[in-house]
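Worksheet: one structure, shown below.
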Amino acid sequence: MNKLLKNLPESTRQTIVAAFPLFLVIIFFIFVGKYGISKVTDLRSQIKTAQNSETILTQKLNILQTISSTAESGARAASLAVPATNPSLIVVSQLRNLATGNGVIISAIKSTMGAASVAGLNQAIISFTVNGTREQIFKFLSSIDKIAPISLVDKIRMTEGGGVLQADIGIKTFWADFPKTIPPVTTPISDLTPAEKETLTKILGLIQPNFTEVTAAQGEVNPNPFGQ
Amino acid sequence: MPVKLNLLPPELAVSKNLSQLLKALRAMGVIGVAAFLAFGIGIGVFIIFSTVSLNGINASITRLKAQVSSQQKSEQLIILLKDRIAKTASVQSMPGSLVNLQAIEPFLLGLSGSSYINQMSVGPESLTLSVNLKTNTDLSTFIKSCQGSDVFKSVNLTSFNLSPATGYSVEITALKK
């Protein structure tokens, strides 16, 4: 290098020697700058993502801690409003209770499968006949949308004679599979919207079915039930 | 008085202009090195602080994830609740016949005991009612109720008969509003 420089004219040699540090600094700036700036950008993006996740998790934890008591009672009532299996038997029981409460006679109860599942909702159609006075029948029909599982009055056909009204009624009742997966832990969760809270209030106001728990019979256990 | 002596051989001497340029280049080199050092140290410090900060946030995320996972039962309940609420809202938005029945109810409950419903079919979109009215009062009450009511989109009188034995037989078709 020195030999090469010595062969050059003095002015060129001195120019190279003076410009070399500047040239070196420019090269370093380019390489260090490229690495440094990409590293800084990468770190900033990682911090931003991490901060977002932290915010989401903090909000999620707050919601989970505050909503848990409402969620438990609400989920129980909502699961009875739209159960996971065909609720025809429960609806029939509820209709019988309503009929007794309103003093009407219910008969000819039939249940059939409804139309194919729409938006995850399965339908069963329950048809039946009720006899009673005009006021009793109207009151009975108006009560149908107040029972759980949720039922929709589809068709009504009425005839009246001798002070007794007979109504042939078709109602739809619904069920849907429960959700099978929960989203990843970093997925945000939102509190109930005002519309959802309103629907939940309606659900909580529905007439819940009575389930009777059958207990085992008391008494002595036969040690040899197949013996003589 | 000091005397300036140049003892360099004449072949090593450079012109005055080049000398100034070389001086400027040397100065720029020194400034460049200083700037580079400042830049390098700045980036290094920033990277160290950012890494420490990132590690702190990641530790916080790990702790929060554990806390959220411990509340998994609540999360399952909320997801179930929201799903059932959506399904309930979907059912409630479906058309039903009860609205039409509740709309016609005041017309019928105002009638006297001698008048009766001959036949009534109520569907989600419309209803057809055939009613036997024994007295003129019942007839006028019923017609006035139909005229004065705005609960239906339209009410059409499809049939009107008078029989001395059964009284007035009125049939209407009403469309949901």
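Bear in mind that the values in this text are calculations on the coordinates, not laboratory data. Treat the numbers as computed from the prediction; the structure is a model and nothing was measured. Positions of Cβ are generated from backbone atoms using ideal geometry, with glycine treated the same way; all protein chains shown enter the neighbour counts.
Under 20 Å from a point placed 7 Å out from the Cα of A:E198 along the Cα-to-Cβ direction: which residues of the range B:93-117 have their backbone N that close?
Taking a point 7 Å out along Cα→Cβ of A:E198, the residues of the range B:93-117 whose backbone N falls under 20 Å are B:93-96, B:98-100.
For chain A, find the longest principal axis of its Cα atoms and tell me its angle to the long axis of helix A:194-204, 0 to 90°, nearest 10.
On a 0 to 90 degree scale, this one is about 30.
Using a Förster radius of 45 Å, what is the FRET efficiency between A:S38 and B:A86 based on their Cβ-Cβ separation? Nearest 0.05, please. Display every interim value, and only then the final one.
Numbers: r = 45 Å, r/R0 = 1.00.
Working from the Cβ atoms, E equals 0.50.
Among B:M120, B:M28, B:M94, which one shows the highest mean-square fluctuation when chain B is modelled as a Gaussian network with alpha-carbon springs under 10 Å?
Per the Cα network of chain B with a 10 Å cutoff, B:M28 tops the list.
Positive end of the charge dipole of chain B (Lys, Arg +1 and Asp, Glu -1 on Cβ, about the Cα centre): tell me which of B:L108, B:S145, B:S97 has its Cα farthest that way.
B:S97
Mind checking which of A:G163, A:N222, A:V153 is farthest towards the positive end of chain A's charge dipole, using Cβ charges of +1 (Lys, Arg) and -1 (Asp, Glu) about the Cα centre?
A:V153
Please work out the FRET efficiency for the pair B:K65 and A:S73, using the Cβ-Cβ distance as r and a Förster radius of 35 Å; give the result to the nearest 0.05.
Details: r = 27 Å, r/R0 = 0.78.
With R0 = 35 Å, the Cβ-Cβ based efficiency is 0.80.
Taking each full run of DSSP H in chain B as one helix, which ones are at least 27 Å long along their axis (Cα atoms) and have mean Kyte-Doolittle hydropathy of at least 0.5? Don't skip to the answer; put the middle values down first.
Values: long enough: B:16-70 (80 Å, 1.05); B:72-92 (30 Å, -0.16).
Result, helices passing both filters: B:16-70.
Expected output is a single nm value to one decimal: the length gained when fully extending between B:S93 and B:F46, i.e. 0.36 nm times separation in residues minus the C-alpha distance. What is it? Write down the numbers at each step before the final one.
Working: separation 47, 0.36 × 47 = 16.92 nm, distance 5.68 nm.
Additional length available on full extension: 11.2 nm.
If you take every residue apart from A:R134 with its C-beta less than 14 Å away from the C-beta of A:R134, what net charge results, scoring Lys and Arg +1 and Asp and Glu -1? Mind dumping the intermediate values first?
Working: positive: A:K139; negative: A:E135, A:E160, B:E105, B:D138.
Net local charge, A:R134 excluded: -3.
Angle check, please: helix A:134-143 long axis (alpha carbons) against the longest principal axis of chain A (alpha carbons), in degrees 0 to 90, nearest 10.
20
Give, as a single signed number, the net charge of other residues whose beta carbon lies under 14 Å from the beta carbon of A:G114, with Lys and Arg counted +1 and Asp and Glu -1.
Values: positive: A:K110, A:K155, A:K172; negative: A:D154.
Computed value for this residue: +2.
With Cβ to Cβ distances under 15 Å as the rule, what net charge do the other residues near B:S169 carry (K, R +1; D, E -1)? Don't skip to the answer; put the middle values down first.
Values: positive: B:K134; negative: A:E160, B:D138, B:E171.
Net local charge, B:S169 excluded: -2.
Expressed as an acute angle from 0 to 90° and rounded to the nearest 10, what is the orientation of the C-alpha long axis of helix A:88-102 relative to the principal long axis of chain A?
The two axes meet at around 50 degrees.
Quick check for me: using +1 on Lys/Arg Cβ and -1 on Asp/Glu Cβ, what's the dipole size of chain A about its Cα centre, in debye to the nearest 20? Before the final figure, lay out the partial values.
Numbers: 20 positive and 15 negative charges, 243 e Å.
For chain A, the charge dipole is close to 1160 debye.
Using a 10 Å Cβ count of at most 14 others and DSSP loop calls, identify the longest part of chain A lacking such chymotrypsin sites (Phe, Trp or Tyr not before Pro).
Numbers: sites that count: A:F211, A:F226.
Here the longest run is A:1-210.
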